[in-house]
1. To the nearest 0.05, how large is the calculated FRET efficiency for residue 124 and residue 167 if R₀ is 22 Å and r is the Cβ-Cβ distance?
2. Test of understanding: in a Gaussian network model of the chain with alpha carbons linked when under 10 Å, which of 104, 244, 228 would top the mean-square fluctuation ranking?
3. How far, in nm, would the chain grow between residue 228 and residue 55 when pulled straight, counting 0.36 nm per residue and subtracting the alpha carbon separation?
4. Given a Förster distance of 41 Å, report the FRET efficiency between residue 201 and residue 221 from their Cβ-Cβ distance, rounded to the nearest 0.05.
5. Given a Förster radius of 35 Å and the C-beta distance between residue 11 and residue 264 as r, what FRET efficiency does 1/(1 + (r/R0)^6) yield to the nearest 0.05?
6. Could you work out how much longer the chain between residue 283 and residue 80 gets when fully extended? Use 0.36 nm per residue separation minus the Cα distance between them, nm to one decimal.
7. Give me the distance between the Cα centres of the stretch 141-203 and the stretch 207-274, rounded to whole Å.
8. What ranking of 204, 229, 144 emerges when the number of other C-beta atoms within 10 Å of each C-beta is taken as an exposure proxy, fewest first?
Amino acid sequence: MTLISQDIETTRLSPYLGAEVTGMDLTDSSPENIAVINELLLEHGVLFFRDSMLDVEEHEALARGFGEPSVFPLSRLMMKPGAEIPFMGEIIDTSDDPPNADGWHTDVTWIPEPPKIALLQAVDVPESGGDTLWADLYTAYESLSQPMQDFFDGLVVNHQVSPVIINAARRRGGAELADLLLEKFPPVQHPLIRTHPETGRKALFIAGEFMICIEGMHEDESQMWLSWLKDYINNPNFHVRWSWTQGDLAIWDERRTNHRALSNHYPSYRHMRRCTVDGDRPYC
Ligand code: SIN
């Protein structure tokens, strides 16, 4: 356990990734408080705060401390003129609407400037199951042999909106909305190895089903490497896992992590509220 100040303590949850923080007032989004959270975030990658139920306004204010809250591209396309801007994403799993985030990803890598930070509030959780896992992409990069690092360095991956999101668009607005989503968000290129803009450390920038091909490779070569990368991230040595209690809040750095939400609570109810913060264009 590390004492940061008179009240704030952190407990590391794995050697590389994740820490539980106590004694932090999350309703304080002053620059001084945000600077402390950001420093911890840069060190640990994911922070967990128990018993920290924020309302929507407090959640948004905390996110705003780190930058401009993002609007999910599909929500923006669906916005009616004059409507309130939907900064919050509600993730509600029910028996009729099953969980759909049970695959490794980084949020919204299919846009040129994906989010940099996410803040997830557990509003209502199942009796058991529905944990979330994060994988450390620094460790994933650093665990590669030198020849593999050299091979991946300089490769560029095409990212595109996934079938799960296209289907969600189709359910909400028919084929027209799904087509509009694909038209507005054509594939975008990102480096396979990215440099974290604040720490300067390198991370393996992978994003599950959002990755569609590696630039310049033949289809079979590209599929082989993407499949290898998707499997590589399953190494439990890279992971930290959180079992939610109502009122927990997690904040994570999207630039060095992948995450996945388990679906083993289905058909039980689970309600999370998520906000992300706009990031910059990833670079090698
Ligand atoms: C997500 O951000 O992909 C969902 C995380 C969760 O519901 O635990």
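1. Rounded to the nearest 0.05, the efficiency is 0.35.
2. Maximum fluctuation in the GNM of the chain, among the listed residues, is at 228.
3. 58.2 nm
4. Here the calculated transfer efficiency is 0.90.
5. FRET efficiency, residue 11 to residue 264: 0.85.
6. Going from the current span to full extension adds 69.6 nm.
7. Spelled out, the Cα-based centre of one part sits 12 Å from the other.
8. Going from sparsest to densest Cβ surroundings: 144, 229, 204.
The numbers here are math on the coordinates, done by the rules we state, and not lab data. Keep in mind it's a predicted model, so treat the numbers as computed, not measured. Virtual Cβ from ideal backbone geometry, glycine too; neighbours counted across all protein chains shown.
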